[in-house]
Every structure is written in structure tokens, then in C-alpha cells.
1. What does the charge count near Ser70 come to, summing +1 for each Lys or Arg and -1 for each Asp or Glu among other residues with Cβ under 13 Å from its Cβ?
2. Do the sum for the chain: with -39,500 (n - 2.57) for every DSSP H run of n ≥ 4, divided by all residues, what is the mean residue ellipticity at 222 nm, to the nearest 500 deg cm²/dmol?
3. Only loop residues by DSSP count here, and only those with at most 15 other Cβ atoms within 10 Å; note down the GluC sites (Glu not before Pro) in the stretch 21-124 that meet that.
4. Which of the listed residues, Ala79, Gly40, Leu25, is farthest toward the dipole's positive end in the chain, when Lys, Arg count +1 and Asp, Glu count -1 at the beta-carbon?
5. Using +1 on the beta carbon of Lys and Arg, -1 on that of Asp and Glu, and nothing else charged, what's the dipole of the chain about the Cα centre, debye to 20?
6. Using only C-alpha positions, report the orientation-averaged shadow area of the convex hull of the chain, nm², one decimal.
Amino acid sequence: MLPLTADGTLLLIRSWRVAVGGWCLEAPAGRCEPGESPCGTARRELSEETGARAGVLHPLGTVRPSSGSSNEEVHLFLAPDVRPGSPHHDDGEVIRPCPLPAAEALELATSGELQDAPTALALLRAHRLGLLPTVSPASTAAPTVLGQQR
């Protein structure tokens with residue numbers, strides 16, 4: 001899920017991923033519990049990993065990230081007005097918050113620096129649908145001279 005705050009910040013996370021031996025920038029995500037809907041899973045994982053709460057969820061589609069070797073499906077969502085809170089991670093999860101302006105996250109996805117495929121695709125789809133702010137709040141500030149506002 002792409003959790004977007006009212007000020008245009010995406011509440012992304014950095015997760016330690018043993019499989020790649022390093023930190024990965026990604027959107028909150030996880031597996032569906034038995035009987036749980038994809039929307040329910042997205043809300044639960046958002047709360048566990050960031051502490052945030054979502055109102056409306058915009059579906060961005062379902063993808064199969066590795067159809068040649070797995071039948072895994074990933075359901076993509078955008079939550080356009082999340083309310084921040086305190087995370088409560090599952091045992092064994094190593095997660096750090098990494099809030100970023102949506103425009104910066106989109107740039108990381110298009111440059112290849114953000115390598116988590118579902119997160120990158122969700123960003124691109126949300127952008128294509130006009131659901132993401134395209135200008136970073138920092139880029140709208142008055143120009144600075146040696147670090148001081150004009």
C-alpha cells in the first residue's frame with residue numbers, strides 16, 4: 001500500500017531483507033491471513049509497520065511479480081489521506097520508517113534506485129492515474145542563498 005499523508009508525504013519503510021543481505025525501501029506490505037481480504041491486509045500491515053490509519057483505499061491493480069516461479073499475487077493500493085501513528089512490528093521484523101515526499105519516491109522508482117518491484121509499480125500506476133502530487137513540498141519553498149530564505 002502507498003500511504004500518502006495530507007501534505008504529500010509517503011510513509012515508506014526500510015526493511016532488512018535477509019534474501020538480499022541489506023535494507024530495502026518499500027511500501028508497507030504483507031501476506032493475507034486466512035479469511036482476510038486484500039483491503040483488510042493492507043490496512044493491518046499499514047498499522048503494524050507504520051502505525052498509520054487509512055480511510056479510503058484506491059485499488060491500483062493486482063500483479064504477479066514472479067509468474068515464472070511463483071503464483072504469488074500482490075494487490076496494490078493507494079491510501080490518499082492516512083493519519084500517522086505509532087508502529088507495532090511483528091516479532092522478527094526489522095523495519096525503519098522512511099517518509100519521503102511523493103515526488104521524490106517517484107523519482108527513486110523511475111531512476112531504479114527503489115528496487116522493490118511492487119512499490120515501484122504502485123508508484124508508477126498512481127502517478128499515471130494522477131493520484132500523486134508531482135511537486136515535492138521542498139521544491140516549492142523560496143530560493144535560498146547559503147541556506148537562508150530570501
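1. Details: positive: Arg31, Arg64; negative: Glu72, Glu73.
Spelling it out: positives minus negatives among the neighbours equals 0.
2. Working: 3 runs with 35 residues, N = 150.
Calculated mean residue ellipticity at 222 nm is -7000 deg cm²/dmol.
3. Working: sites: Glu26, Glu36, Glu45, Glu48, Glu49, Glu72, Glu73, Glu93, Glu104, Glu107, Glu113; in loops: Glu36, Glu72, Glu73, Glu93, Glu113.
Here the GluC sites (Glu not before Pro) that fit, given the DSSP loop and packing criteria, are Glu36, Glu72, Glu73, Glu93, Glu113.
4. Sorting the options by dipole projection puts first Ala79.
5. Its charge dipole is roughly 380 debye.
6. Working: hull surface 42.8 nm².
Orientation-averaged projected area of the Cα hull: 10.7 nm².
Laboratory data are not the source of any read-out in this text; all were calculated from the coordinates shown. What you are looking at is a predicted structure, and each value in this text was computed from that prediction instead of being measured. Positions of Cβ are backbone-derived with ideal geometry, glycine not excepted, and every protein chain shown enters the neighbour counts.
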